[in-house]
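Some notes on the structure that comes next.
The values are calculated or read from the model by the stated rules, or taken from the named source; none is laboratory data. Since we're looking at a predicted model, the values are computed, not measured. Ideal geometry is used to build each Cβ from the backbone, glycine not excepted, and the neighbour counts take in all protein chains shown. Keep in mind that these areas ignore ligands, DNA and RNA; they rest on the heavy atoms of the full protein, side chains included. Shrake-Rupley method; radii C 1.70, N 1.55, O 1.52, S 1.80 Å.
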Amino acid sequence: MTPFKMHGTHILSTGSAVPDICISNDLLSNIIDTSDTWISTRTGIKERRILDNNQSIIDLARIASDEALIKGLIKAEDLDLILFATSTPNDLFGSASQLQKSLGATKAAAFDITAACSGFVIGLIVAQQFIQTGTYKNILIVGADTLSQWVDWSDRTTCILFGDGAGAAILQPSRQNDLMSFELNTDGSESHQLSIQHQENSSSIDYKNLNFSAQKISKYKYLTMNGKEVYKFAVSKVPESINKCLQTSQLKTNQITWLLLHQANQRILDTVSQKLQIPTEKVLSNIQCYGNTSAASIPIALNEAFNTGHICHKDIIAIAGFGAGLTWGSILIQWNAIE
Ligand code: ACO
């Protein structure tokens, strides 16, 4: 019998994309009762990118994926699996197959992961399982969201926070292992703190009189959030989660080269890094340019860190996602530049 052999997982390449339309805080303050000072002091956000009506989430995901494919010298036809982390799909049955078609990745299996801002972290972990077991060789993970289409633009407590974007990474087996440890959690009892819920009573099916209307249209409400509770949840659970990963890998906080948190709010980034005693210069942040792009925020920041040469051989990156569900989780990466 052939002995079962676990493979290491390597991050081969990354990519990202944001829409061209840029909405600054000043511009927003012309349409709702807010100000640049309020938004930037409470969140760190200065501007966000918003998808044009004639573009779709698949267009953004395609651009991000193409960058990762080009940098990784991989052809779309060589992809075995596409994991599409999004909570704003084009199609409730899933949008991964649309991305597969757009890329021409004819050999790849493809499915969606719906886990809001934790989606990309979960995608990395799912991909790692397929690679470790030797099932697949080339896996594309995309985190993309267009929450601009799901927020109420007259609600100043939520609309100021979000932007649209996409980020991608390609994972391959390797002798060395980049993905050192991970940790995942869900607390469904708190799901009401942040959600986009289905409209109640939207069904027009009258079972009693066997009246099945052909005009039934299902609707979702706008995004709702209890900001204070989400803040408290993030700053208490995320340091715990990262500490558990460090313990598993027998590492100390001061060995972390980069802290990459879901870009929800600069105050969350500051508080989490303070709790972990990680200095500000080790915290990756681009929130001022894009706001909270949900599943896209981590891969966009990761791609920017690679493109600007911040991440070097053997650097240790602690990544944490958190958000609706409520879900949260961390992954520790030691990136090996050369196989
Ligand atoms: N402009 C001006 N004033 C505002 C705005 C705004 N955009 N929004 C709210 N206010 C007002 C409120 O009406 C309130 O006024 P009042 O005191 O007269 O009643 C005042 O500002 C304070 O409002 P709070 O809600 O108490 O503001 P808070 O300090 O909690 O900040 C914020 C709100 C920024 C949303 C904060 O709670 C937060 O960051 N929470 C975390 C949210 C988050 O990160 N969510 C995403 C994570 S998960 C995911 O990514 C999907």
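Structure data summary
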| quantity | calculated |
| --- | --- |
| Exceeding the 19 Å Cα-Cα cut-off - candidates Lys71/Lys137; Lys101/Lys219; Lys228/Lys252 | Lys101/Lys219; Lys228/Lys252 |
| Region 240-304-region 58-124 distance, computed between alpha-carbon centres (Å) | 24 Å |
| Under 13 Å, Cβ to Cβ, from Asn286 - net charge with Lys/Arg +1 and Asp/Glu -1 | +1 |
| Spatially proximal aspartates and glutamates relative to Lys244 (Cα-Cα < 18 Å; intrachain offsets below 8 disregarded) | Asp178, Glu183, Asp187 |
| At R0 = 30 Å, FRET efficiency that the Cβ-Cβ distance of Cys22 and Arg175 yields, to 0.05 | 0.10 |
| Using θ = phi - 60° and Karplus 6.51 cos²θ - 1.76 cosθ + 1.60, couplings along region 45-61 (whole Hz; Gly, Pro as x) | 7, 10, 7, 9, 9, 10, 5, 6, 4, 8, 10, 10, 4, 5, 4, 5, 4 |
| DSSP bridge pairs, region 2-175: antiparallel proportion in percent, nearest 5 | 70 percent |
| Percent of beta bridges antiparallel (DSSP, the chain, rounded to nearest 5) | 70 percent |
| Positive-end extreme of charge dipole, region 2-175 - chosen from Ile160, Ser35, Leu103 (charges on Cβ) | Leu103 |
| Approximate spin-label separation Gln55-Lys101, in nm, with each point projected 7 Å along Cα-to-Cβ | 2.1 nm |
| GNM result for the chain, Cα springs below 10 Å: residue of Ala144, Ala96, Ala168 fluctuating most strongly | Ala96 |
| Cα pair count fraction exceeding 29 Å, expressed as % - the chain | 37 percent |
| With DNA, RNA and ligands ignored, accessible area of Thr37 (1.4 Å probe; Å², nearest 10) | 90 Å² |
| Hz values of 3J(HN,Hα) by residue in region 132-137 - Karplus curve (6.51, -1.76, 1.60), Gly and Pro given as x | 4, 7, x, 6, 10, 9 |
| Cα-based reach from Lys282 at 17 Å (exclusive), listing aspartates and glutamates while leaving out same-chain residues under 8 positions away | Asp270, Glu304, Asp315 |
| Space enclosed by the convex hull of the alpha-carbon atoms of region 2-175, per residue, Å³ | 127 Å³ |
| For region 141-204: rounded, prolate or oblate by the Cα gyration tensor [a/c cutoff 1.5] | prolate |
| Amide proton proximity set for Asn292, modelled H, under 5 Å, gap of 5+ | Phe162, Gly163 |
| Calculated from backbone phi, Karplus (6.51, -1.76, 1.60) coupling profile of region 35-40 in Hz, x at Gly/Pro | 8, 4, 4, 4, 5, 5 |
| Magnitude of the charge dipole, the chain, Cβ model with Lys/Arg +1 and Asp/Glu -1, debye to 20 | 660 debye |
| Inter-probe distance in nm under a simple model that places probes 7 Å from Cα toward Cβ, at Lys137 and Asp187 | 4.4 nm |
| Spatially proximal aspartates and glutamates relative to Lys107 (Cα-Cα < 19 Å; intrachain offsets below 8 disregarded) | Asp66, Glu77, Asp78, Asp80 |
| Most mobile listed residue (Ile32, Ile242, Ile139) in the chain, GNM with C-alpha springs under 10 Å | Ile32 |
| Virtual spin-label span in nm between Gln288 and Tyr231, 7 Å along Cα→Cβ | 2.0 nm |
| Potential lengthening between Asn243 and Gln149 on full extension [0.36 nm per residue; Cα-Cα distance subtracted] | 30.3 nm |
